[in-house]
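See structure below.
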Amino acid sequence: MTDPRVLWITGAGSGMGRAAAVAVATGRRVALSGRRREPLQETAEMVEEAGGEALVLPVDARDREAITQAHATIQESWGGVDDVVLAAGLNTPRRAWADQSMAEAEDVITTNLNATLQTVQTVLPDLRARGGGQVVMVSSYSAWRFTPYAGVAYSASKAALAALCQTLNVQEAAHGIRACHL
């Protein structure tokens with residue numbers, strides 16, 4: 001019998017990350033990362049109730065070293081990552097050019113785009129070595145159609161995920177890696 005597939009989900013403490021974890025839990029090993037331990041523990045309980053195995057990894061997706069360390073923990077625990085759902089996301093209440101804060105805009109871009117890029121870069125060797133896998137980037141309606149109130153940084157960072165997916169699909173298809181953004 002082969003080991004269950006390993007799925008790493010960022011932003012797993014709530015929303016789309018939690019929903020993805022519970023939806024695919026049966027027969028899987030699910031590594032759950034996010035900023036807050038308590039919601040991750042709740043998600044872990046849901047995953048285990050659904051027939052999966054959970055690993056809780058409190059991580060701020062904006063911290064590159066923390067992403068690297070979380071990946072190392074997954075490798076030590078389960079040997080690597082087969083699939084990844086990138087659901088960590090952030091927006092700010094100050095979303096217009098007239099009132100945005102550059103510090104907040106940078107946090108939004110770092111969370112929504114840079115952390116996604118970093119996590120994909122980190123898991124690509126695992127996906128290649130395992131003969132392929134799926135990369136799911138949780139995006140937004142704002143990535144597909146202009147949404148005036150979504151915010152400058154949010155809209156730009158979510159729209160950029162299309163390019164990440166396209167390059168992954170073109171450059172990594174030979175390794176069995178598929179990417180999409182929802």
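The values are calculated or read from the model by the stated rules, or taken from the named source; none is laboratory data. No experiment lies behind these values; they were computed from the predicted model shown. Methodologically, a virtual Cβ is constructed for each residue, glycine included, from the backbone with ideal geometry; neighbour enumeration extends over all protein chains shown. What goes into the accessible areas is simple: the full protein's heavy atoms, side chains included, and nothing from ligands, DNA or RNA. Shrake-Rupley method; radii C 1.70, N 1.55, O 1.52, S 1.80 Å.
Say R0 is 22 Å: what FRET efficiency, to the nearest 0.05, do R37 and Q69 get from their beta-carbon distance? Calculated transfer efficiency: 0.90. Rolling a 1.4 angstrom probe over the chain with all protein chains present gives an accessible area of which 54% lies on carbon and sulfur atoms. Computed over region 18-108, the alpha-carbon pair-distance distribution with 10 angstrom bins reads 16, 41, 26, 13, 4, each value a whole percent. With both labels modelled 7 Å from their Cα along Cα-to-Cβ, the A163 to R178 distance reads 2.6 nm.
Averaged per residue, region 19-121 has 50 square angstrom of accessible surface, using a 1.4 angstrom probe with ligands and nucleic acids left out.
Distance between the modelled labels on Y149 and E49, one decimal in nanometres: 3.4 nm (7 Å Cα→Cβ projection). Qualifying chymotrypsin sites (Phe, Trp or Tyr not before Pro) in region 44-144, where qualification requires a DSSP coil assignment and no more than 14 other C-beta atoms within 10 Å, comprise W97.
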